[in-house]
Amino acid sequence: MASPTLGDHPTAGDTGDQSRPDGVRPPPPPPPPPGPVARPGRPPVTVPQVRAQKRRDGADPIVMVTAYDEPGARIADGGGVDVILVGDSLANNVLGYEDTLHVTIDDMVRHTAAVARARPAALVLGDLPWMSYHLSAEQAVTSAAALVRAGAEAVKLEGGPSRARVIEAIVDAEIPVMGHLGLTPQSVLAMGGYRVQGRDVGSARALVDAARRVEDAGCFAVVLEGVPDVVAAEITSVLSIPTVGIGAGPDCDGQVLVFHDLLGLGAGPVPKFVRPYARLAEVATAAVAAYAADVRGGAFPGEAETYHGSDSLRAAFAGPEGGAAGSGAVG
Ligand code: KIV
């Protein structure tokens, strides 16, 4: 992104002074309003549109990816995704925590607002973090409203029948809700780790029932994370709302991946269900190493990256006394 005060393409003779003649900098433009403002050529994606994206009805698969900031949202939107999830995986991928239990509603509001400032055509989905909807329906609606006021157009929350009441309350407040079932990372302590869910017939049936329950509570779609392919296929077939899978096989109505996994930005091995489409951490590390070598070797900055002084400025500092002539300092 260009520096807020200097142009990013200095040219020979450019002193870099962007001030007005009276020396006063113009005020920065006001931030864009959050909400579905389309980029040229792409209409904004809406909740009813996503709600209708059942593959069995001939719809295209839903493409969803996480993003946590303005550049990430710009890249995701430029890639043409349908939904940008400001996931609570912010915790692991950006803030350096071990799990998602450490992000707060304030963290999610700040990052949802950053994503919304990209004005993506993709639907902005804000994730409700742990303990922002567990205490009461009123707390859940208040938290969901905070995300909407930050720029989210819908919210996502984890859990099945035990969350039906809060889903109903949020939907009743006119805020669309996406459910999240299976391996729900906010339940890491209760699950005893990150484990694929619904592996036996009993727990698989319970997942199907939970999916029916969140649909009945008013969810417009549901994420299925870390469940066997056949269970995801069964849930997808019994629901009228779309399913969005992550580690749930190919039969869901859509797929979601974490931005950092998809782009190879993370450290360490990725889970089985991830396909890295790039290795940007390697590219970025090599770029920083090249910069470091150039600075240490005197190759950066060069002519093209330098603001050149005018001839008169140059003359003032030329000659035997150099800087002392211009400054009046005694050498
Ligand atoms: O926060 C997140 O990244 C998520 C996805 C895994 C669905 O909830």
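The values are calculated or read from the model by the stated rules, or taken from the named source; none is laboratory data. Fair warning: this is a prediction, and the values are worked out from it, not measured in the lab. We place every Cβ from the backbone using ideal geometry, glycine too, and count neighbours over all the protein chains shown. Ligands, DNA and RNA are stripped out before the accessible areas are found, and what is left, the full protein with its side chains, is counted by its heavy atoms. Shrake-Rupley method; radii C 1.70, N 1.55, O 1.52, S 1.80 Å.
According to the Kirkwood expression over distinct Cα-Cα pairs, how big is the hydrodynamic radius of region 74-227, in Å?
Values: mean 1/r = 0.0637 Å⁻¹.
When all Cα pairs of region 74-227 are included, the Kirkwood radius is 15.7 Å.
For region 219-321, what is the Kirkwood estimate of the hydrodynamic radius, computed as the reciprocal of the mean inverse distance between distinct Cα atoms, to one decimal in Å? Walk me through the numbers before you get to the answer.
Working: mean 1/r = 0.0541 Å⁻¹.
Evaluated on region 219-321, it is 18.5 Å.
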| remark: A student applying the Cα gyration tensor rule (rounded when a/c is under 1.5; otherwise prolate if a/b is larger than b/c, oblate if not) would label region 266-314 prolate
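Just subtract the alpha-carbon distance of Ala292 and His308 from 0.36 nm times their residue separation and send over the number in nm, one decimal.
Numbers: separation 16, 0.36 × 16 = 5.76 nm, distance 2.33 nm.
Fully extending the segment from Ala292 to His308 adds 3.4 nm.
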| Label-reachable residues, region 252-293, where backbone N falls under 14 Å from a point 7 Å from Arg56's Cα toward its Cβ | 252-254
| message | Counting pairwise Cα distances across region 60-145, what percent come out greater than 18 angstrom? | response | 43 percent
| query | Excluding ligands, DNA and RNA, what is the solvent-accessible area per residue of region 263-316 at a probe of 1.4 Å, expressed in Å²? | reply | 78 Å²
| query | About its Cα centre, what dipole magnitude does region 133-280 give when the only charges are +1 on Lys and Arg Cβ and -1 on Asp and Glu Cβ, stated in debye to the nearest 20? | reply | 480 debye
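How much accessible area per residue does region 62-123 have, counting only protein heavy atoms and a probe of 1.4 Å, in square angstrom? Working shown, then result.
Values: 2200 Å² over 62 residues.
Normalised by residue count, the accessible surface of region 62-123 is 36 Å².
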| field | Cα pair distances exceeding 18 angstrom across region 149-285, given as percent | value | 57 percent
| remark: Semi-axes a, b, c in Å (a largest) for region 103-187, each sqrt of 5 times a Cα gyration tensor eigenvalue, come to 20, 13, 12
